[in-house]
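A quick write-up on the structure given underneath.
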Amino acid sequence: MRKILPIIVIAQFFCTSLWFAGNAIISDMAKELNLDQHFLAHLTSIIQFGFIIGTLVFAIFTISDRYSPSIVFFWSAVLGGLFNLGLCINQINASQILLFRFLTGFFLAGIYPVGMKIASDYFQSGLGKSLGFLVGALVLGTALPHLLKSLSFGLPWKYVLYATTCFSVIGGLCILLLVPNGPYRKTGQKIKLHAFLHGFKKQKFRSVSFGYFGHMWELYSFWAFVPSMLLAYNKRYPEMNLNVSLSAFFIIASGGIACVFSGLLSQMYGVQKIAKLSLLLSCCSCLLSPLFLYTDSLILFIGFLFFWAMVVIADSPLFSTLVAQNAPEESRGSSLTIVNCIGFSITVISIQLINLVSDTMNPQFMYMILAIGPILGLIGLKNQRNRQ
């Protein structure tokens, strides 16, 4: 039992490296293939859209409740890795790139939420701590392609794709061979097309889901545009000469530490209390971003990005815990998946909104828009408390 959580964490880390593999190499791809300057936003949005459609399919057909989650995880890791390699096709065009990223995102729906389902089948007490490690692995996996890119030592950008695909297959094998079905798993025997909606009949489930949705409005937009923030700083202060890929890796990866730390704190002070505090701090980061993103102090700039990177993700495992704890047992996997589906739908809107205003709005104030989600999330959580 003690070995199960580290195995799930390692597998999640390896497999979620697929997520931002395209983002890490976009600058090289753009030069080689003459891609549009806004292609980064489209690239990020399409993999989110693939994930959304994937989670919707997985939820409607209750796949992770009807079949062994470990087998679902394995095949998703293999197929996601194969479509990740699609970007290596010679003379690939923009439409084909978007198609392969969509398909990669589709099968990530069988990795991230299914990994949480596997963890919830093993750990009921201390679930916040367990999911803290799990989401921390997601953060590190998301950041990993930026590290691979910075350590490429002149190798072609396709090397990042080869490496992340290999990691994904290894992660899938770890789950398949070493993680059997958990002791708290309840199998759904029949397709119930409306089962994934059962949780929303519960007021507490709706409330914590709303908090999660507010968190998601900010999270992936921040991750997607961290390299853009660093590039803009380099352009404004060229003497600083920041290594964008390496800096982006460490900034995003620092959130993994925050997930573990927030999971531990939740055991002492309560899951919802720490989730609300984190959401409040990330909201403040959005609103205060104009003061720090263009400061001439490199220490303040980098320090602020590290702080923002930690508080923007620290509540993620806690909201996932609250959703899992308040979901109907017989459809927990599908409930987690549909909440992920809605949350990631919201990320596409926020990413495209930032992309839309980037040509007309002063970039110093642009990221204040991300505060909308945390504000609404906090209102939803407050309303739930007032009804108790």
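Before moving on, here are some points about what is shown:
- Qualifying residue in segment 278-293 (condition: out of contact with any Pro (no Cβ under 7 Å at 6 or more places or on another chain), over 19 Å from residue 344 (Cα atoms), surrounded by fewer than 16 Cβ atoms within 10 Å (Cβ to Cβ) and among the aromatic types (Phe, Trp, Tyr)): no
- Filtered by the rule that a residue be within 25 Å of residue 175 (Cβ to Cβ), among the aliphatic types (A, V, I, L, M) and touching a Pro at 6+ places or on another chain (Cβ under 9 Å), segment 5-46 gives 18, 21, 24.
- Residue 316 meets all of the listed conditions (1) more than 27 Å from residue 118 (Cβ to Cβ); (2) of a type in the set (S, T, N, Q); (3) in contact with a Cys (Cβ under 7 Å, 6 or more places away or on another chain) but one, namely (1).
- Any chance residue 62 is at pLDDT below 85 and β-branched (Val, Ile, Thr): yes
- Any pair with Cβ under 7 angstrom, 6 or more apart, that starts in segment 171-184 at a residue that is farther than 15 Å from residue 120 by Cβ and ends at one that is part of a loop (DSSP other than H, G, I, E, B) and polar (S, T, N, Q): none
- Subset of segment 15-69 that is out of contact with any helix residue (DSSP H, G or I) (no Cβ under 7 Å at 6 or more places or on another chain) and not in a helix (DSSP H, G or I) - its residue that is nearest to residue 166 (Cα to Cα): 68
- All conditions in (1) under 17 Å from the mean Cα position of the chain (by Cα); (2) within 26 Å of residue 222 (Cα to Cα) hold for residue 36, with the sole exception of (1).
- Of the criteria (1) assigned to a helix (DSSP H, G or I); (2) at pLDDT below 85, which one residue 73 fails: (2)
- Residue in segment 88-96 that is of a type in the set (Ser, Thr, Tyr), modelled with pLDDT of 90 or more, over 20 Å from the mean Cα position of the chain (by Cα) and part of a helix (DSSP H, G or I) present: yes
- For segment 219-237, the criterion of being farther than 21 Å from residue 44 by Cβ, out of contact with any Phe, Trp or Tyr (no Cβ under 6 Å at 6 or more places or on another chain), touching a residue at least 24 places away in the same chain (Cβ under 8 Å) and crowded, with 19+ Cβ neighbours inside 10 Å is met by no residue.
- Lone qualifier among 160, 135 - being modelled with pLDDT of 90 or more and either over 19 Å from the mean Cα position of the chain (by Cα) or among the β-branched types (Val, Ile, Thr) (or both): 160
- Restricting segment 2-28 to residues that are surrounded by 18 or more Cβ atoms within 10 Å (Cβ to Cβ) and polar (S, T, N, Q) leaves a set whose member that is nearest to the chain's Cα centre (by Cα) is 16.
- Contacts under 6 angstrom Cβ, first residue in segment 146-157 being in contact (Cβ under 8 Å) with a residue 12 or more places away in the chain, partner surrounded by 14 or more Cβ atoms within 10 Å (Cβ to Cβ) and of a type in the set (S, T, N, Q), 6 or more apart: 146/245; 149/245; 150/245
One line per residue, one yes/no per condition, for (1) of a type in the set (A, V, I, L, M); (2) under 18 Å from the mean Cα position of the chain (by Cα); (3) not in a loop (DSSP other than H, G, I, E, B):
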residue	(1), (2), (3)
274	yes, no, yes
281	yes, no, yes
301	no, no, yes
311	yes, yes, yes
319	no, yes, yes
337	no, yes, yes
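- All positions within segment 289-321 that are free of Cβ contacts under 8 Å to residues at least 12 places away in the same chain and either within 23 Å of residue 337 (Cα to Cα) or not polar (S, T, N, Q) (or both): 291, 299, 300, 303
- Entry remark, segment 64-86: residues being surrounded by 22 or more Cβ atoms within 10 Å (Cβ to Cβ) and within 18 Å of residue 117 (Cα to Cα) number 9 in total.
The values are calculated or read from the model by the stated rules, or taken from the named source; none is laboratory data. What you see is a predicted model, and the numbers here were worked out from it, not measured in a lab. In this analysis, Cβ positions are derived from the backbone assuming ideal geometry, glycine residues included, and neighbour counts consider all displayed protein chains.
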